[in-house]
1. At 222 nm, what value in deg cm²/dmol follows for the chain if DSSP H runs of at least 4 each add -39500 (n - 2.57) and the sum is divided by all its residues, to the nearest 500?
2. Evaluated at 20 °C with a viscosity of 1.002 mPa s, what Stokes-Einstein diffusion coefficient in µm²/s does region 96-169 have when Rh comes from the Kirkwood expression over alpha-carbon pairs?
3. Within the set Lys41/Lys152; Lys49/Lys107; Lys49/Lys155; Lys85/Lys131, which residue pairs have Cα atoms separated by over 28 Å?
4. Find me the longest stretch of the chain that has none of the exposed GluC sites (Glu not before Pro), where exposed means in a DSSP loop (not H, G, I, E or B) with at most 14 other Cβ atoms within 10 Å.
5. Average the reciprocal distances over every distinct pair of alpha-carbons in the chain, invert the result, and give the Kirkwood radius in Å.
6. What ranking of Tyr52, Tyr212 emerges when the number of other C-beta atoms within 10 Å of each C-beta is taken as an exposure proxy, fewest first?
7. Summing +1 for each Lys or Arg and -1 for each Asp or Glu, what net charge is found among the other residues whose Cβ lies under 11 Å from the Cβ of Leu120?
8. Quick one: Cα centre-to-centre distance for region 148-169 and region 174-197, in angstrom?
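Here, each number is a calculation from the coordinates, and none is a lab measurement. These numbers were taken from a predicted model, which means no experiment stands behind them. Glycine also receives a Cβ, built like all others from the backbone with ideal geometry; neighbour counts cover every protein chain displayed.
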Amino acid sequence: MGQKVNPIGFRTGIVMGWKSRWYAGKKDFAELLVEDQKIRKFIKNHPTKQSYRQAGIDRIEIERTRDEVRVFLFVARPGLIIGKKGQEAEVLQEELQNLIGRRVNLKIEEVGRPEIYGQLIAEDIAQQLMKRSSFRRTMKRAIDTSMDAGAKGIKIQMSGRLGGAEMARCEKGNAGALPLSTIQAKINYGFAEASTPQGNIGIQVWVNQGSYAGDGKDGADAQEGQAPKKPKRTYKR
């Protein structure tokens, strides 16, 4: 069994912020943790509005104060959630307040260049697989689109009964540089499941968006790092 570290947990608290930002004592911690899960699950899998799944929700961040709960939605297509004149956003805010029984302040922010976000890529691949699209063609198209959008590197891994095969297997596809153990590398990770008649297919996506330090090189050039060689001395006889 492989010993692999989750790329989000590996960087959280060092170069990445927490998805839930609040403090609670031992008595209230478990209850608030379940509330956060309820909020995320309700928005991602809304019982009546299927348009939320097409909006491209990258992540949901939650902040808590003494008076209210702030919910930040990072969305690729915010118009599907905001609606005309913000009416849909107000309805969603009221639904969240009724769900947890607290005052909710909903904020929606647009995600630029959704082609380089791992979660959005994984969900897009899952939707195509559920429409019986070829997994190899889908993987190749996603890699090319992400690299054209400015990603430094990308890796996609699918696991399950790919192509309706009797035995489950794992297929990978990658392009560019992907330094997973480098803390300064801005690695974006996403996971999604595609429900097919043969069973569920898991999709994992790693995207290298560059470096937190800036647009410098990912590493020192090997030739530049070498010490200059002294010219050989010639001896005359």
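1. Numbers: 8 runs with 77 residues, N = 237.
Estimated from H runs of four or more residues: -9500 deg cm²/dmol.
2. On the way: Rh = 14.9 Å.
This corresponds to a translational diffusion coefficient of 144 µm²/s.
3. On the way: Lys41/Lys152 31 Å; Lys49/Lys107 18 Å; Lys49/Lys155 32 Å; Lys85/Lys131 33 Å.
Table pairs above 28 Å Cα-Cα are Lys41/Lys152; Lys49/Lys155; Lys85/Lys131.
4. On the way: sites that count: Glu68, Glu166.
Of all site-free stretches, the longest is 69-165.
5. Details: mean 1/r = 0.0486 Å⁻¹.
20.6 Å is the Kirkwood radius here.
6. Numbers: Tyr52 20, Tyr212 14.
Listed from fewest to most nearby Cβ atoms, that is Tyr212, Tyr52.
7. Numbers: positive: Arg59, Arg77, Arg113; negative: Asp58, Glu115, Glu123, Asp124.
Within the 11 Å Cβ shell, the charges total -1.
8. 11 Å
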